[in-house]
Amino acid sequence: MSSKTKQAQKLLLFRLSGARLFGIGTLKIREILPFMRLSKLPHSHHAVIGTATFRGSAVPVIDMAAAVGNPPLTPEEQQKASIIITDIQRQEIGFLVRGVHQIIEADWKHVMPPPKALGERAFITGLLDVDGDIIQLLDVELLLAKVYPESLVTRDVSLTDVESETLKALNILLVDDSQVARKQLSDVLDSKGISYQVTSNGDEALQILLKDDELGRPIDILVSDIEMPGLDGYELTFNVRDNSTLKQPYVILHTSLNSEMSLSYANQVGANEALTKFDAEELLQAMLRGAREAR
């Protein structure tokens, strides 16, 4: 591998209330629409204000300000608002925002982690300084989990005793910047008594890989998110594959994006597998394939 394959990182900047700017990656976005008449959804979360018709399908629309704890947009404000149609975890979700600002190219190496003082329920994955403005990058997976808590429930997956013991013998590292994704990944392995290490960013993951290899207990399976601030999943994989002294782990990249392009890039940088959406069965089966290679 002579050169690094890198996917362009772009952010859509928008406002929820006041002048503060928020951002989400454009890879998650299908379309931006002006506010339209919505069909009401009975017995839904207070932040779900109805459904919009998008390409023949009914898409739930969430008032993003209300979902993160700010006052909801008034009917008058809604008329001037925009709906961002996203594709997250193989489902289309609309987010109502006060106003769309612009799309920018972002160097995610410059993204700073959110202050610990914000706590575990902060809906941001990082902060980015753009011309003196601090952009808050939203954790849309965490936001969706608040609106749809049932999405956090991990279904049980059956493993044979041999399969379970096979995975227990491995040194597994999980990497994801989303609190929700880390919990889902951890819950699957915890339910089977499988030990693992977990971190929230690619830079720490690379240090763990190097340290464990140096200590003679190399990582056997690396499960990493693709879209992360700093060292993203593509770059993490490239750095691992480009290090000839490192015992090579079985690399499983995953993404909340339903995107063939994301999976193609994952293969180009040397990932063994790439998965879309969290699925406990798919993840464990991928790990078992990795275990067979590690023998």
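The values are calculated or read from the model by the stated rules, or taken from the named source; none is laboratory data. None of the values given here were measured: they were computed from a predicted structure. Every residue, glycine among them, receives a Cβ derived from its backbone with ideal geometry; neighbour counts consider all protein chains shown. Quick note on the areas: whole protein, heavy atoms, side chains included, nothing else; ligands and nucleic acids left out. Shrake-Rupley method; radii C 1.70, N 1.55, O 1.52, S 1.80 Å.
Numbers below:
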{"item": "Residue that is β-branched (V, I, T), open to solvent by less than 30 Å² (accessible area, probe 1.4 Å), under 30 Å from L236 (Cβ atoms) and in a strand (DSSP E or B), where the choices are I103, I24", "result": "I24"}
{"item": "Checking M36 against (1) open to solvent by less than 50 Å² (accessible area, probe 1.4 Å); (2) assigned to a loop (DSSP other than H, G, I, E, B), the condition it does not meet", "result": "(1)"}
{"item": "Wholly within the range 134-249, helices (runs of 4 or more DSSP H) carrying at least 1 residues that are in contact (Cβ under 8 Å) with a residue 60 or more places away in the chain and open to solvent by 30 Å² or more (accessible area, probe 1.4 Å)", "result": "140-147, 161-168, 233-241"}
{"item": "Odd one out for L11 among (1) surrounded by fewer than 16 Cβ atoms within 10 Å (Cβ to Cβ); (2) touching a helix residue (DSSP H, G or I) at 6+ places or on another chain (Cβ under 9 Å)", "result": "(1)"}
